[in-house]
1. Among (1) over 19 Å from Lys114 (Cβ atoms); (2) within 16 Å of ligand 2 (Cβ to nearest atom); (3) not charged (D, E, K, R), where does Tyr41 come up short?
2. Taking only the stretch 199-213 into account, find how many residues are open to solvent by 10 Å² or more (accessible area, probe 1.4 Å) and within 16 Å of ligand 1 (Cβ to nearest atom).
3. Considering only residues of the stretch 372-411 that are more than 16 Å from ligand 1 (Cβ to nearest atom) and within 19 Å of Glu343 (Cβ to Cβ), which is nearest to the chain's Cα centre (by Cα)?
4. Just checking, does the stretch 379-394 include any residue being touching a residue at least 12 places away in the same chain (Cβ under 8 Å), out of contact with any Pro (no Cβ under 8 Å at 6 or more places or on another chain) and under 30 Å from Thr26 (Cβ atoms)?
5. If I filter the stretch 45-53 for residues that are in contact with a helix residue (DSSP H, G or I) (Cβ under 6 Å, 6 or more places away or on another chain) and surrounded by 18 or more Cβ atoms within 10 Å (Cβ to Cβ), do I get at least one hit?
6. If I filter the stretch 20-72 down to residues being part of a helix (DSSP H, G or I) and among the basic types (Lys, Arg), which single residue comes out as nearest to the chain's Cα centre (by Cα)?
7. Could you grab me the full set of residues in the stretch 83-104 that are acidic (Asp, Glu) and open to solvent by 40 Å² or more (accessible area, probe 1.4 Å)?
8. What pairs come out if I take residues in the stretch 16-29 that are closer than 15 Å to Tyr41 by Cβ and pair them with residues that are more than 16 Å from ligand 1 (Cβ to nearest atom) and in a loop (DSSP other than H, G, I, E, B) whose C-beta lies under 8 Å away, six or more apart or interchain?
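The values are calculated or read from the model by the stated rules, or taken from the named source; none is laboratory data. Note that the coordinates shown come from a computational prediction; the quantities given were computed from them, not determined experimentally. When we count neighbours, we look across all protein chains shown, and the Cβ atoms used for this are built from the backbone with ideal geometry, even at glycine. SASA here: full protein model, heavy atoms, side chains in, ligands and nucleic acids out. Shrake-Rupley method; radii C 1.70, N 1.55, O 1.52, S 1.80 Å.
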Amino acid sequence: MALAHVTTLECTLCGAEYDPEQVIYTCPEHDGVEGILEVKYDYDVVHDRFDADLDGNIDTQWKYEAFLPVDDEADPVTLNEGGTDLFDAPRLSDALGVETLVKDDGRNPTGCFKDRASSVAVTKARHAGRDVICCASTGNAAASLSGYAARGGLDCRIFVPGDAPEGKLAQPLIYGADVLAVEGTYDEAYDLSVEVTEEFGWYNRNAAINPFQVEGKRTVGHELAEQSVVRGEVPDWVVFSMGDGCTIAGAWKGFREFYELGYVDDHPKMLGVQADGATAIHDAFHGHEDADDVAETLADSIAVGRPRNTVKACRALEESDGTSVVVPDEAILDAMKLLGSNEGIFAEPAAATPVAGVREALSRDIVDEDDTVVVCSTGFGLKDTEGAKRATGGVTRIEPDIAEVTDRYST
Ligand SMILES: *Cc1c(COP(=O)(O)O)cnc(C)c1O
Ligand SMILES: [Zn+2]
């Protein structure tokens, strides 16, 4: 059987099971799109299929193909995503006061870790004979999906909030997608995309509701586990920012799989970080009464008022014995500068948010100064130069006159 390693799609709310060969997005037993499904595997089969060495040589995420829910016969649509570096970060560690490593997923083909998921989604859509794929996105998922749709020869239609950063709108345009900028929030763009897939039967790759979509994100967890084996040390904490919550859930699922299969002998605690203007997952995890679903933060990629994957994200925090914190926008801007100026890694606001989260967690004795921490930088900063300007205040303007320079540098 072509999908022999995939057993069922299981509802995260009621446990109902569905056939993985059918196209189904969410469990029909619940309102709207609340019944998020989870892909379940037969790990004996997966383990038998997986014959790569955990030697740290990771050309692309397809090293872990045995774990991906794609048909044996399917031809991967790939731009060589994954296999990103895990950097030591000595100066950043000094500045934060804890040993910190950076998993730089901003250096994926479209500048974002979402390429891991897009590659899997487009591979599956093309194999299923679909020719139109669509999604709603705060920006990066759209840019990523458009790139992979182009690579796989599919038409792509995307719904983004009208105020997405220019760079993230430029990418899908060049990749040839139809970019529908919705005059409204991400949450509204999202609802519209679900409506149109029902109406027109396009393949919907919205991360939160397409159960297969998030499965590609597990490879960042597989890589972190493999890189831990090579380093001879499993980090105490792995830190991600959270928007819809799929990313941290996927990363945890991947690491957990390698741990449960005995490929790595320990697991990290997951620390999820949200902006203090968009705290829905944090509130759910800590049992806070969450009143509203506003999302106000300059970190556009995590400006999500109604996260679609709260259940999976909270489960990741719980199972790993981790937790969540929130940080203000000013701390996110500081974190961008800290990461860039200390280590040469240019992260967009949502991608620098984990660094701000480490500071917050240290100050609240969640993270100990003897711990080892991995922050995952999820997206490249050049997509959002406005954020960078706000973080730094911009350039120093001078006249073309040597006196201006001597004034500045002579003591
Ligand atoms: C999408 C995104 C996130 C958040 O991922 P979720 O799965 O929505 O939690 C974080 N950082 C960047 C750069 C993103 O594009
Ligand atoms: Zn259900």
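1. So Tyr41 meets the others, but not (2).
2. Qualifying residue count, the stretch 199-213: 2.
3. Val373
4. Among the residues of the stretch 379-394, at least one is touching a residue at least 12 places away in the same chain (Cβ under 8 Å), out of contact with any Pro (no Cβ under 8 Å at 6 or more places or on another chain) and under 30 Å from Thr26 (Cβ atoms), which makes the answer yes.
5. Checked the stretch 45-53: at least one residue is in contact with a helix residue (DSSP H, G or I) (Cβ under 6 Å, 6 or more places away or on another chain) and surrounded by 18 or more Cβ atoms within 10 Å (Cβ to Cβ).
6. For the stretch 20-72, the residue satisfying everything is Lys63.
7. Asp85, Asp88, Asp94, Glu99
8. That search, which allows pairs on different chains as well, returns Tyr18/Ile24; Tyr18/Cys27; Pro20/Leu3; Pro20/Pro69; Glu21/Leu3.
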